[in-house]
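Everything on this sheet refers to the single structure shown next.
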Amino acid sequence: MNKNLRITNNKFIDQTTRISFKFDGKTFYGFKGDTLASALLANNIHLVGRSFKYHRPRGIMACGSEEPNAIVQVGNDTSMTEPNSRATEIELYEGLEASSQNCWPSVNFDVGAVNNFFSPLIPAAFYYKTFMWPANFWKLYEYFIRKSAGLGKSPTEPDRDIYDHRYLHCDVLVVGGGISGVMAAKTAAKNNLNTVLIDDKSILGGTTLFQKNECFKINNSYSDEWLTREIETLSSLKNLTIKTRTSLAAYHSYNYLLARENLTDHLDLNEKKDKVRQRLWKIRAKKVILATGAMERPLIFNNNDRPGIMLSSSIKKYMDYYGVKCGQKISLFTNNDSAYETAISLNNSGINVVAVIDIRDETNSLIVKQAKKLGIKIHWKSTVVNTNGYKRINSIEVMKLSDDGSTIVDKKIKEECDCLGISGGWTPRVHLFTQSGGKLKFRDEDNVFLPDKSELEQISIGSCNGDFELDEIINNTFKLVNGFLNVKSNEYENLEIISSKEINKKNIWLLPSDKSLGKTKSFLDFQNDSTANDIKLALREGFKSIEHVKRYTTTGMATDQGKLSNMHALGIIAETAGVKMGELGTTTFRPPYTPLTFGAIVGRNVGEFFDITRKTPMHDWHVENKAEFENVGQWKRAWYYPKGDENMHEAVQRESKAARDSAGILDASTLGKIDIQGSDASEFLNRVYTNAWSKLAIGKCRYGLMLNEDGMVYDDGVTTRLGENHYIMTTTTGGAANVLGKLEDYLQTEWPELDVYLTSVTVVK
């Protein structure tokens, strides 16, 4: 470990506990509390992978789920290996082994890098045009395309880890443990509401936890100190459950959510044995409060992808939280004030801040004034036109911007640096909100999509609701939470807040260069090598919809799902096509928000539990009477009851005669049973069955026949009317699950206007 890159006495990292790990076959050391990314940076390793198409060197760029480059293979055991894992989210543990992906023979010397020289010949969608003919060659093409997919290798043996599923019900679910999430959870719990607070990090606090600056104070305390005290008070609240290392993966209708809790991923190999690795929580909440924060945007300029180019906020977190210097000579490139907070923190830690390059005219907010007092050099109204270096950035080229920002003027200035922090503003994390069916609105002031209308009992607070200033976050969170929960808490009403206010804002989606666009490499999607030129090419070739452009250029289709690239793609499309960004909309944010392992999805339903055996309540009686069973679906259903040397034919004849002469009993509990309720239940059955149901009397039953759209029978059964708007449907034994799925599909896609609710009530022993 390079000691020069560590900051001592960091309170979040245990520097007394050294941990060894391997990366690309070499042994390195980190500390307890590190992520793989922070430990690599502490060992002066920035180059961690290669891009998908051009095999350009890629380095660690972010520090969370938005990371596009540091995608690694974890483990070398054929059953325990895991591909496409983010180094920024892997907590360091003794025995960890990881390796780079999409490179051969090594990340330092990759023969695939030859693709970079042929990049003009392989622009966006070249494969759509190249591999169309001859059609019978596709099987050959497919093999090589899949081999070069740029992703890791799946395990070849059964997974030995243990996974679990649990259900959780609560009055209020708070997603996100930053300052707004902590305030919301505390307010809810103190008002006797059963509250659950989840956060994907190991501790609560978000970015405010290490925000120590005179420009951000609450009640005469630094914001980080104030928040630390607030978090400490949470442990005394009886109505609050806190789950860290828990990321919300999906947000479905009726406030049904899925969350993955990492239980042992951070433990040493010997401590993991025979313990549950991950738990999938199936959550039903009366009210949901989203406090998921915002992501920092990159800036789009020529050669903006070199290792050593990172998000400005990530540089600050690696230093202030993990105690790691990302470089010895750091420059910052920005269009907003947040980069100055990073510059001040770097300066106070003794790190050389070469310069801040700001595309805006000179401004004098509190944080900027503080940076000026420290003597930090600032290039106002300027842009980075190029970066130099190959496996690591070594310098940048800076030029002045014209008044409208569309061109560059004056002479070129070269600044040496080994790390460049970039900050293009902030994008609220609205992904979970849209998953739930919520609609977005666009705020022109700072070019962000914000939560708007929702049919569910939910609100968004803090930065994910567009509040980026400290005073805005606290004051608006206080008002929104009180109103949403219908409580009268005044705990956060009269706080004295000092918060630097951003005076002017300026956004340029694609920054100009001293070279023509065709001669530049301005990357949007770093993993897929999608550039600004690719977006413009798609528009020239007739693609206008953001979804079509996404598929044509693969922008936003990498493992980060466009968390860093989508907004810039939208901005460039809007500027090129001459339309408003708000009119374009966004791409579809599909679950899961963060990746789920197959193990977490499946849980314990593996091996003998994968295809379970279902038994009726009378199963033991059938066994006692020596029944022969047939497998119908997953059910053990009594077939016949032989006596003595009877064969099946003889036994069935005897049983049939007994039923005709006296009586017989049919165990029909294997039949699928679906509870159907709602004001439109009768109309729904009219559409599902071939016969009418509206006039069926309460307490009566009727046989029904179901047909597919092509007129073929797919199931039948008897349905009973239990009440005015209440039916119980029976289906065939083997078709129960398929019928329920078909009915749900009808309700969600064909007839969503119907007020109908379906519940499986099939008896399972």
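Details
This table checks each residue for (1) farther than 11 Å from N302 by Cα; (2) surrounded by 15 or more Cβ atoms within 10 Å (Cβ to Cβ).
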{"site": "L510", "(1), (2)": "no, yes"}
{"site": "D525", "(1), (2)": "yes, yes"}
{"site": "N528", "(1), (2)": "yes, yes"}
{"site": "A538", "(1), (2)": "yes, yes"}
{"site": "G542", "(1), (2)": "yes, no"}
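- Subset of the stretch 249-300 that is part of a loop (DSSP other than H, G, I, E, B) and under 17 Å from the mean Cα position of the chain (by Cα) - its residue that is farthest from G425 (Cα to Cα): A291
Okay, residues lined up against (1) in contact with a Ser or Thr (Cβ under 9 Å, 6 or more places away or on another chain); (2) over 18 Å from I13 (Cα atoms); (3) modelled with pLDDT under 95; (4) crowded, with 24+ Cβ neighbours inside 10 Å:
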position: A291; (1), (2), (3), (4): yes, yes, no, yes
position: R297; (1), (2), (3), (4): yes, yes, no, yes
position: I309; (1), (2), (3), (4): yes, yes, no, yes
position: S313; (1), (2), (3), (4): yes, yes, no, no
position: K316; (1), (2), (3), (4): yes, no, no, yes
position: A339; (1), (2), (3), (4): yes, yes, no, yes
position: A343; (1), (2), (3), (4): yes, yes, no, yes
position: G350; (1), (2), (3), (4): no, yes, yes, no
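- Every residue from the stretch 155-171 that is touching a Ser or Thr at 6+ places or on another chain (Cβ under 7 Å) and not in a loop (DSSP other than H, G, I, E, B): C170, D171
- Flag if K53 is more than 22 Å from the chain's Cα centre (by Cα), buried (at least 21 other Cβ atoms within 10 Å of the Cβ), under 28 Å from G112 (Cβ atoms) and not assigned by TED's automatic domain parsing to the domain that holds I315: yes
- Here I330, I357 are screened, and the one residue that is in contact with a Cys (Cβ under 6 Å, 6 or more places away or on another chain), in a strand (DSSP E or B), more than 30 Å from H431 (Cα to Cα) and modelled with pLDDT of 95 or more is I330.
- Residues being part of a loop (DSSP other than H, G, I, E, B), of a type in the set (F, W, Y) and either touching a residue at least 12 places away in the same chain (Cβ under 8 Å) or within 30 Å of V48 (Cβ to Cβ) (or both) - total across the stretch 127-154: 1
- Long-range neighbours under 7 Å by Cβ, at least six apart or interchain, first residue free of Cβ contacts under 8 Å to residues at least 24 places away in the same chain and among the acidic types (D, E) within the stretch 702-728, second buried (at least 16 other Cβ atoms within 10 Å of the Cβ) and not in a loop (DSSP other than H, G, I, E, B): D716/G704; D716/M706
- If you go through the stretch 151-183 and keep only what is at pLDDT below 95 and among the polar types (S, T, N, Q), you end up with S154, T156.
- Of all residues making up the stretch 674-715, the number that are of a type in the set (S, T, Y) and part of a loop (DSSP other than H, G, I, E, B): 3
- Residue within the stretch 541-554 that is at pLDDT below 90, farther than 21 Å from G438 by Cβ and touching a strand residue (DSSP E or B) at 6+ places or on another chain (Cβ under 9 Å) present: yes
- Qualifying residue in the stretch 413-421 (condition: crowded, with 19+ Cβ neighbours inside 10 Å, among the small types (G, A, S) and closer than 30 Å to K317 by Cα): yes
- Answer residue from the stretch 453-465, given it is of a type outside the set (A, V, I, L, M) and modelled with pLDDT of 95 or more and is farthest from the chain's Cα centre (by Cα) among those: E457
- Any pair with Cβ under 7 angstrom, 6 or more apart, that starts in the stretch 589-616 at a residue that is closer than 18 Å to Q278 by Cα and modelled with pLDDT of 85 or more and ends at one that is in a loop (DSSP other than H, G, I, E, B) and among the charged types (D, E, K, R): G599/D159; G599/D161
- Among the residues of the stretch 195-235, those that are touching a residue at least 40 places away in the same chain (Cβ under 8 Å), assigned to a strand (DSSP E or B) and closer than 17 Å to I497 by Cβ comprise N213, F216, K217, I218.
- Test: residue in the stretch 672-688 that is farther than 24 Å from W751 by Cβ and either crowded, with 16+ Cβ neighbours inside 10 Å or aliphatic (A, V, I, L, M) (or both): no
- Residue in the stretch 606-613 that is among the charged types (D, E, K, R), within 23 Å of G734 (Cα to Cα) and surrounded by 15 or more Cβ atoms within 10 Å (Cβ to Cβ) present: no
- Only listed residue being under 27 Å from N566 (Cα atoms) and surrounded by 20 or more Cβ atoms within 10 Å (Cβ to Cβ), chosen from S99, S38, S119: S38
- In the stretch 355-370, the residues that are within 21 Å of E397 (Cβ to Cβ) form Cβ pairs under 8 Å with partners that are in a loop (DSSP other than H, G, I, E, B) and of a type in the set (G, A, S), at six or more places apart or across chains, as follows: I359/G405.
- Meets criteria (without any contact (Cβ under 8 Å) to a residue 12 or more places away in the chain and either surrounded by fewer than 24 Cβ atoms within 10 Å (Cβ to Cβ) or of a type in the set (A, V, I, L, M, F, W, C) (or both)) for K26: yes
- Among the residues of the stretch 622-636, the ones that are part of a loop (DSSP other than H, G, I, E, B) and touching a Lys or Arg at 6+ places or on another chain (Cβ under 6 Å) come to 1 in all.
- Which numbered condition V74 misses (of (1) in contact (Cβ under 8 Å) with a residue 40 or more places away in the chain; (2) touching a Ser or Thr at 6+ places or on another chain (Cβ under 6 Å); (3) not aromatic (F, W, Y)): (1)
- Members of the stretch 251-262 that are buried (at least 18 other Cβ atoms within 10 Å of the Cβ) and not polar (S, T, N, Q): Y251, L257, L258, A259, R260, E261
- Condition met for L209 (surrounded by 17 or more Cβ atoms within 10 Å (Cβ to Cβ) and modelled with pLDDT of 95 or more): no
- Looking at M80, M61, just one residue is at pLDDT 95 or above and in a loop (DSSP other than H, G, I, E, B), and that residue is M61.
- V481 vs. criteria outside the structural domain of I309 (by TED's automatic domain parsing) and out of contact with any Leu (no Cβ under 9 Å at 6 or more places or on another chain): yes
- Residue within the stretch 327-350 that is closer than 20 Å to I60 by Cβ, basic (K, R) and in contact with a helix residue (DSSP H, G or I) (Cβ under 6 Å, 6 or more places away or on another chain) present: no
- When the residues of the stretch 422-441 are filtered to those that are assigned to a strand (DSSP E or B) and not β-branched (V, I, T), the one that is surrounded by the most Cβ atoms within 10 Å (Cβ to Cβ) is S423.
The values are calculated or read from the model by the stated rules, or taken from the named source; none is laboratory data. Since the structure is predicted, the reported quantities are computational estimates derived from the model, not experimental observations. Quick reminder, even Gly has a Cβ in these numbers, built from the backbone with ideal geometry, and neighbours come from all protein chains shown.
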